[in-house]
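Report on the structure given below.
The values are calculated or read from the model by the stated rules, or taken from the named source; none is laboratory data. Since the model is a prediction, treat every value here as computed from it, not as a measurement. Using ideal geometry, Cβ is built from the backbone for each residue, glycine included, and neighbour counts are taken over all protein chains shown.
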Amino acid sequence: MRKMVLTMAGALLTILTTAGGLRAAPEVEVLHWWTSGGEAAALNILKKDLEGKGVTWKDMPVAGGGGTQAMTVLRARVSSGNPPVAVQMLGFDILDWAEQGAVGDLNELAAAGGWDMVIPAALQKFSRYDAKWIAAPVNVHSTNWIWGNKAVFDKVGISQPATWDELIASLDKIRAAGIIPLAHGGQPWQDATLFDSVVLTTGGGDFYKKALIELDAGALGSDTMKSVFDRMAKLRSYVDPNFPGRDWNLASAMVIKGEAGMQIMGDWAKGEFVAAGKKPGTDVVCFRFPGTQGNVTFNTDQFVMFKVGADRRPAQLELAKAIMSPAFQASFSMIKGSVPARNDVPDTGFDDCGKKAMKDLKEAAASDRLMGSLAHRHAAAASVMNAIYDVVTNHFNGGIKSSDDAVKRLVAAVRAAR
Amino acid sequence: MGAPAMPRGRTPTDRAIGWLQVQLPKLVLSPSLVIVLLFVYGFILWTIVLSFSRSRILPVYTFAGFDAYERLWSLPNWSVALQNLAIFGVLYIGLCTLIGLALAILLDQRIRIEGVLRPIYLYPMALSFVVTGTAWKWFLNPGLGFEKVVRAWGWSDFTFDWLVNPDMAIYTIVIAAIWQSSGFVMAMFLAGLRGIDNELIRAAQIDGASPFKLYWRIIIPQLRPAFLSAVIILAHMAVKSYDLVIALTGGGPGNATELPATFMYSYTFTRNQMAVGAASAVIMLMTIAAIIVPYLYAELRGDDRGR
């Protein structure tokens with residue numbers, strides 16, 4: 001019965017998804033969730049590039065930031081034995097799929113292209129599985145950024161804060177001027193984005209690694225973690241009351257319009273500022289979350305190559321090669337607001353914030369301070385990440401009243417989710 | 001259902017046609033029967049199987065006993081979801097029934113423009129819960145909707161921040177859901193009221209029953225079947241409500257408005273804990289079954305009595 005159910009469901013899905021797709025020309029079907037203006041434009045470069053090589057791009061966009069819907073579609077496709085050629089994916093999702101044995105092998109291409117040398121080791125952790133290259137990394141976003149409205153900063157007379165105390169003093173000054181100090185959207189991943197940076201500035205890089213990457217119970221239950229939650233509560237007091245459920249780009253818009261002073265967000269926010277005609281570095285100041293300079297918490301977009309038949313293999317390799325070309329990575333990142341995954345791409349053409357991001361990334365990679373972001377699926381598996389989300393977001397919204405409670409809940413939640 | 005006796009002296013063709021006539025309903029019904037068996041009961045079985053497995057990202061079939069259920073009941077999110085379901089379910093079913101009944105009784109007073117009023121109350125039902133949720137999200141947002149308007153009118157201390165208040169957010173879902181469904185309940189009661197024998201009402205009026213007594217003693221007791229149907233329909237809508245929560249609060253603030261259905265979706269599809277998600281789905285199925293099965297049983301027994 002079960003087998004029949006599976007086969008039937010699989011057959012149905014195959015019919016639905018491949019209807020009219022049987023053509024002889026080499027074709028790559030790519031599943032992604034880059035549907036917003038800037039993202040789609042960035043992807044278009046890749047599409048044109050491939051068409052020049054005679055490979056047809058078969059778009060398979062599944063909207064929904066973070067890719068939740070896309071992953072649901074992927075599950076159905078893989079269960080039915082008909083995976084797409086390549087899938088845009090983040091962090092631990094890649095390793096989870098590799099564990100299911102569903103992904104292909106890019107070793108030959110990687111050896112020929114010298115990928116080992118040009119991709120930072122911290123990124124390779126997500127593009128390789130069992131000594132096999134399984135994914136082509138496109139770009140790196142870092143999440144420990146603050147974006148400030150320069151006009152507001154000048155008006156209240158503050159410059160970029162360099163320490164936690166300076167940050168608090170700046171936020172107080174912005175509030176005194178009658179402006180919302182911190183633009184924030186109350187969605188679990190945004191709360192966790194703040195949490196990433198606060199852990200990093202409170203405990204330092206080693207503590208971040210121990211607590212959020214190694215998930216060490218001692219570090220998770222430590223007094224340092226208690227002060228992390230105290231600081232989260234402090235940040236909460238600078239957010240306007242209408243923040244629950246607000247999308248991140250609406251929070252960016254508050255900074256753009258000068259309704260709010262600053263936003264703590266990854267560098268994809270830059271796209272919003274640029275689209276609004278603000279010049280990064282001039283109209284919008286970008287600086288690392290105070291106390292985290294030298295460290296970078298990152299997430300990386302990668303295209304995972306799935307196991308496909310020999311007929312689709314050449315086009316797949318062509319796609320991987322195109323993704324890894326330095327020229328493509330540079331032009332892609334300029335549009336998307338990220339940094340190329342390859343470390344040998346020159347920074348000409350990037351804006352001030354982009355140049356700083358590339359420099360910071362190189363430094364952090366060299367000193368082993370390039371660490372996966374918890375909020376963006378690069379520190380822990382989805383089950384653990386969501387368990388931490390629950391505690392962080394509950395505490396941030398006042399559901400958990402004290403830091404002691406929050407720490408206890410954190411330790412228990414992580415243990416239960418592993 | 002036995003085959004009718006064949007009269008003697010028929011040709012084989014006649015017999016074939018006769019056979020076909022008897023079998024045709026079964027033949028026509030069988031594809032839909034197979035589809036229902038497969039896609040409803042087959043997948044229910046599959047979900048039950050998954051809930052006893054170690055499935056995480058994809059279905060696997062290693063038996064894990066009640067492991068997923070143990071995990072499920074130890075999760076704080078699940079208890080939040082159940083508490084919310086209790087609050088939501090009781091208020092939603094209770095208030096929808098009350099408001100629906102009140103509207104129906106008022107509309108039943110032979111008022112002049114009933115034909116205009118009735119569809120007005122009924123129209124929210126024509127909207128999808130996503131539309132309802134989005135509209136109420138804007139209306140209840142303190143910086144955008146109701147609170148802002150009242151403050152702009154001059155009551156500058158007016159506060160109505162339930163949507164962003166973790167302790168009160170679940171009640172905004174109740175409000176939106178009642179707005180959507182009470183018109184439908186009204187229609188059911190109205191149909192029930194119209195079906196009551198006028199002789200009975202007149203007799204009570206002649207005996208000098210006050211309008212209140214008339215409704216309380218004579219009319220409402222006769223609406224029992226309508227009550228039963230309304231509660232059953234509302235109860236299963238409460239247990240499966242998902243879209244309204246997603247559109248209105250997204251489960252937030254924090255996870256203050258998590259319901260079993262949103263829990264099931266997030267654990268199965270975004271948290272890579274498919275077995276736990278399947279276990280929660282089985283619990284939800286059992287909850288609905290606990291409501292529906294007695295109802296079906298009562299209905300079928302009623303048929304036996306030839307009602």
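Quick notes
- Output for the stretch B:243-263, where each listed residue is surrounded by fewer than 24 Cβ atoms within 10 Å (Cβ to Cβ) and either free of Cβ contacts under 8 Å to residues at least 60 places away in the same chain or at positive phi (or both): B:G250, B:A261
- Residue list for the stretch B:98-148, restricted to those being part of a helix (DSSP H, G or I) and within 14 Å of another protein chain (Cβ to nearest Cβ): B:G133, B:T134, B:W136, B:K137, B:W138, B:F139, B:L140, B:F146, B:E147, B:K148
- Scoring A:G81 on the criteria (1) surrounded by fewer than 19 Cβ atoms within 10 Å (Cβ to Cβ); (2) without any contact (Cβ under 8 Å) to a residue 60 or more places away in the chain leaves a single failure, condition (2).
- Residue within the stretch A:303-312 that is crowded, with 23+ Cβ neighbours inside 10 Å and not in a strand (DSSP E or B) present: no
- The residues in the stretch A:329-362 that are among the basic types (K, R) and within 17 Å of the chain's Cα centre (by Cα) can be counted, and the count is 2.
- Filtered residue count, the stretch B:40-67, keeping only those that are at the interface with another protein chain (Cβ under 9 Å from one of its Cβ atoms) and not β-branched (V, I, T): 8
- Test: residue in the stretch A:241-248 that is surrounded by fewer than 23 Cβ atoms within 10 Å (Cβ to Cβ) and under 18 Å from the mean Cα position of the chain (by Cα): yes
- Condition check for B:I246 on (1) in a helix (DSSP H, G or I); (2) under 26 Å from B:S128 (Cβ atoms); (3) touching a helix residue (DSSP H, G or I) at 6+ places or on another chain (Cβ under 6 Å); (4) within 14 Å of chain A (Cβ to nearest Cβ): one failure, at (3).
- Evaluation of B:A278 against (1) within 14 Å of another protein chain (Cβ to nearest Cβ); (2) at pLDDT below 90; (3) part of a helix (DSSP H, G or I) (one fails), failing number: (2)
- Across the stretch B:149-166, the qualifying residues are those that are surrounded by 15 or more Cβ atoms within 10 Å (Cβ to Cβ) and in a helix (DSSP H, G or I), and the one among them that is modelled with the lowest pLDDT is B:V164.
- Where helices (runs of 4 or more DSSP H) fall wholly inside the stretch A:56-126, the ranges with 1 or more residues that are within 10 Å of chain B (Cβ to nearest Cβ) are A:68-79, A:91-99.
Condition check ((1) at pLDDT 95 or above; (2) part of a helix (DSSP H, G or I)) across all residues:
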| position | (1), (2) |
| --- | --- |
| A:T224 | yes, yes |
| A:S227 | yes, yes |
| A:D230 | yes, yes |
| A:A251 | no, yes |
| A:M262 | yes, no |
| A:D267 | no, no |
| A:V274 | no, yes |
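- Hey, A:A366 in contact (Cβ under 8 Å) with a residue 40 or more places away in the chain, more than 18 Å from the chain's Cα centre (by Cα) and not assigned by TED's automatic domain parsing to the domain that holds A:E259 or not: no
- Residue match in the stretch A:393-401 (condition: polar (S, T, N, Q) and either assigned to a loop (DSSP other than H, G, I, E, B) or in contact with a Lys or Arg (Cβ under 8 Å, 6 or more places away or on another chain) (or both)): yes
- Within the stretch A:255-270, being farther than 24 Å from A:K355 by Cβ and surrounded by fewer than 24 Cβ atoms within 10 Å (Cβ to Cβ) holds for A:K257, A:G258, A:E259.
- When the stretch B:9-39 is filtered for residues that are surrounded by 10 or more Cβ atoms within 10 Å (Cβ to Cβ) and within 14 Å of chain A (Cβ to nearest Cβ), the ones remaining, listed by number, are B:V34, B:I35, B:V36, B:L37, B:L38, B:F39.
- Residue ID - farthest from A:G245 (Cα to Cα), chosen from residues in the stretch A:357-397 that are within 11 Å of chain B (Cβ to nearest Cβ) and in contact with a Pro (Cβ under 6 Å, 6 or more places away or on another chain): A:Y389
- Residue within the stretch A:143-164 that is crowded, with 18+ Cβ neighbours inside 10 Å, in contact with a Cys (Cβ under 8 Å, 6 or more places away or on another chain), of a type in the set (A, V, I, L, M, F, W, C) and over 17 Å from A:M232 (Cα atoms) present: yes
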